[in-house]
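See below for the structure under consideration.
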Amino acid sequence: MVESSLRGAALWDEVKDRLKSHAFGLSGGQQQRLCIARTIAMQPDVILMDEPTSALDPIATHKIEELMEELKKDYTIVIVTHSMQQARRISDRTAFFLMGELVEHNDTQVIFSNQVMTVLKLRKR
């Protein structure tokens, strides 16, 4: 289970020789992928991610986004992000909240191609 989870999180090749080492010795991106490996070991139906790349450099962010693209083939993933670019790149559906209230939800392509409507909805509030 350990190896398959670490492989599933694209981390096995980077940590296989130091499995007994403390996770604090890993980079931020590796730590995030370790959290994802621990999650997929539980075989959940849904994976919740809150700002999964907020403290990562662009290279680590890219690796996490690639991993999410792979994982969404087998899992439902719900991501909270303030990065509209990231939401546009990796999501299939998007929900837009303002002050805790759902403003709009739809296929991501529709949401981002229809930004004028979203702005008009926000102005009515």
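The values are calculated or read from the model by the stated rules, or taken from the named source; none is laboratory data. Note that the coordinates shown come from a computational prediction; the quantities given were computed from them, not determined experimentally. Glycine gets a Cβ as well: all are built from the backbone with ideal geometry, and neighbour counts include every protein chain shown.
The range 1-101 holds helices (runs of 4 or more DSSP H) entirely within its bounds, and those carrying 3 or more residues that are over 28 Å from ILE111 (Cβ atoms) map to 2-8, 12-15, 28-41. Take ASP57 and decide whether it is under 27 Å from GLN85 (Cα atoms) and either surrounded by fewer than 18 Cβ atoms within 10 Å (Cβ to Cβ) or not assigned by TED's automatic domain parsing to the domain that holds LEU71 (or both). Criteria met by ASP57. Quick check: is even one residue across the range 9-16 exposed (fewer than 11 other Cβ atoms within 10 Å of the Cβ), modelled with pLDDT of 90 or more and charged (D, E, K, R)? Yes, because at least one residue in the range 9-16 is exposed (fewer than 11 other Cβ atoms within 10 Å of the Cβ), modelled with pLDDT of 90 or more and charged (D, E, K, R).
Sub-6 Å Cβ pairs linking a first residue in the range 1-22 that is without any contact (Cβ under 8 Å) to a residue 60 or more places away in the chain to a second residue that is hydrophobic (A, V, I, L, M, F, W, C) and surrounded by fewer than 13 Cβ atoms within 10 Å (Cβ to Cβ), at least 6 apart or interchain, number zero. List pairs: first in the range 53-79 and within 20 Å of GLY28 (Cα to Cα) and modelled with pLDDT of 90 or more, second in a loop (DSSP other than H, G, I, E, B) and not small (Gly, Ala, Ser), Cβ under 6 Å, 6+ apart or cross-chain? Close Cβ pairs (under 6 Å, with a partner that is in a loop (DSSP other than H, G, I, E, B) and not small (Gly, Ala, Ser)) amount to THR61/THR53; ILE64/PRO52; ILE64/THR53.
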